[in-house]
Amino acid sequence: MDKLFYFQKAAEIPCSCGKTHRILTQKTMVDHSLTEQIPSALDQLHLGKKCLIVFDENTYHAAGQKVETILNQEKYKTIPLLLHHNSPTQYLEPDEDTRYQVETSLKYQPDFMIAVGSGVINDLVKFTAHRSHIPYVVVGTAASMDGYPSPGAPMLVNGYKITFEASPPTAIFLDLDVLTKAPLNLLQSGFSDLIGKTTANSDWILRNQLQDEYICHYSWDIVQEALQILWESADQIPQRKSEAVQALSIALLNSGFSMALVGDSRPASGAEHLIAHYLEMISLSRGEKTSLHGLRVGAATLIIHKMYQRFLEEIDSIDWEKITSPHPIRVNKETLQEKFGPLYPLVEKEATQKITSPMVFTDSFKKPGFTNRLRQMISEKLFAIPDVEQALKRSKTPSTFEELGFPQSLVKDSFLFSRFVRSRITILDILDEAGLLEKYIEEFL
């Protein structure tokens with residue numbers, strides 16, 4: 001897959017968006033037989049010789065044991081940390097307990113940290129390393145998410161998902177011999193997460209065109225190429241074909257780098273992620289099953305994608321003036337308190353703002369040809385993957401919330417109320433204010 005670009009070293013990019021972007025990760029390697037090269041790569045980075053290696057039982061067997069052995073042979077002093085979890089689900093969660101395990105291990109005063117794992121382990125080490133001013137590197141064990149190089153670390157705080165600013169890793173090592181052996185549902189999770197970039201970037205276009213929010217088209221360009229290649233290789237994911245896993249890995253890296261370029265999650269997270277977060281938080285608060293993050297994102301994306309298509313068909317009839325004018329609200333504080341339960345105090349600030357304040361748009365929607373331009377710009381993002389449903393089917397990825405084990409009532413609530421988790425608007429806010437959200441939910445759920 002030589003035609004797939006990714007940032008292999010730190011970079012400074014003057015951009016047409018008016019900003020100079022910086023990639024801070026000094027070394028990114030994607031290759032076969034890569035684990036054996038890690039000591040020499042670390043030597044070049046001059047991070048020191050004493051390292052805290054963080055893994056769980058699964059990632060220890062996938063790569064952690066080998067990394068520890070090789071580093072010991074090369075005279076590194078390794079401090080192994082095997083994470084345990086007390087989550088009601090089968091998954092490790094970035095909660096108070098696991099953060100405590102990582103933070104207390106800093107008493108050994110490592111020069112740097114190594115995260116051996118994917119989503120949660122990378123986030124935990126990234127979060128701790130940033131707060132402790134210690135560099136870290138990550139040895140990825142699955143192409144399951146796009147957060148490896150991103151500047152954020154999602155954490156659970158009292159059961160509520162908050163993304164904290166955190167420095168990207170100094171180095172990323174993705175050994176294809178390890179990634180191709182990862183459980184299939186992890187590969188499918190990464191594939192589904194990438195599908196969500198189509199709707200996430202459509203939401204970004206909405207905010208840019210309606211609210212003049214900053215946008216960077218270069219961050220989309222590096223993701224779009226990867227999405228097109230993924231579409232071509234979707235049916236190779238279930239077979240764990242090396243070329244497909246490499247394409248998936250680089251596509252996920254580029255999505256993470258797109259976040260690093262702009263400094264937040266705008267290029268990678270929209271309504272589909274809010275729904276995934278809502279389902280996770282509410283399920284955890286009830287002690288119920290959550291499923292993998294990327295799989296939730298994929299199922300949400302499929303429905304949001306259909307909503308977007310219908311919205312583009314009806315866009316000429318949208319009364320933008322009415323949306324921005326004071327009008328009776330459809331959701332009140334009492335309803336949100338009921339739906340979020342003990343989590344409500346954590347969403348109250350964003351929720352109150354959305355309930356009490358009309359949306360603020362620029363005058364762009366009053367200009368001739370606005371809806372045609374908006375339709376064209378959103379369609380470019382939405383159909384970067386020609387057929388989302390077919391892509392999920394070809395990769396044999398679960399595409400419905402029923403398959404993931406979520407009750408219909410909770411799924412419906414996620415589409416109605418997840419928008420109150422964040423202040424920035426998505427298609428869900430526009431549809432609700434236009435009086436279309438409940439209609440679309442009934443049609444597409």
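The values are calculated or read from the model by the stated rules, or taken from the named source; none is laboratory data. No experiment lies behind these values; they were computed from the predicted model shown. Note: ideal-geometry Cβ built from the backbone for every residue, glycine included; neighbour counts use all protein chains shown.
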Within segment 65-88, the count of residues that are within 24 Å of the chain's Cα centre (by Cα) and either β-branched (Val, Ile, Thr) or modelled with pLDDT of 95 or more (or both) comes to 1
Out of Glu350, Glu272, sole residue that is buried (at least 21 other Cβ atoms within 10 Å of the Cβ) and either out of contact with any Pro (no Cβ under 8 Å at 6 or more places or on another chain) or β-branched (Val, Ile, Thr) (or both):
Glu272
Give the number of residues within segment 228-284 that are within 28 Å of Lys181 (Cβ to Cβ) and of a type in the set (A, V, I, L, M, F, W, C).
18
I'd like to check something: does segment 26-40 contain any residue that is among the aliphatic types (A, V, I, L, M), within 25 Å of Pro151 (Cα to Cα), modelled with pLDDT under 95 and not assigned by TED's automatic domain parsing to the domain that holds Leu279?
no
Complete set of residues in segment 355-395 that are assigned to a loop (DSSP other than H, G, I, E, B), in contact with a helix residue (DSSP H, G or I) (Cβ under 7 Å, 6 or more places away or on another chain) and not hydrophobic (A, V, I, L, M, F, W, C):
Pro358, Thr362, Pro386, Ser395
Output the residue which, of all residues in segment 232-256 that are in a helix (DSSP H, G or I) and among the β-branched types (Val, Ile, Thr), is farthest from Leu24 (Cα to Cα).
Val245
Among the residues of segment 11-20, is there at least one that is free of Cβ contacts under 8 Å to residues at least 40 places away in the same chain, closer than 22 Å to Ala247 by Cα and touching a strand residue (DSSP E or B) at 6+ places or on another chain (Cβ under 9 Å)?
yes
Working only within segment 410-434, note down all residues that are out of contact with any Lys or Arg (no Cβ under 9 Å at 6 or more places or on another chain) and charged (D, E, K, R).
Lys412, Arg422
Looking for whichever is in contact with a helix residue (DSSP H, G or I) (Cβ under 9 Å, 6 or more places away or on another chain), small (Gly, Ala, Ser), more than 16 Å from Gly196 (Cα to Cα) and not assigned by TED's automatic domain parsing to the domain that holds Leu404 here; the options are Ser255, Ser242, Ser283, Ser291. Which one fits?
Ser242
Candidate set from segment 396-415 (those that are assigned to a helix (DSSP H, G or I) and without any contact (Cβ under 8 Å) to a residue 40 or more places away in the chain); member that is nearest to His277 (Cα to Cα):
Lys412
Considering only segment 257-342, give the helices (runs of 4 or more DSSP H) lying wholly within it that have at least 2 residues that are among the hydroxyl-bearing types (Ser, Thr, Tyr) and modelled with pLDDT of 95 or more.
293-314
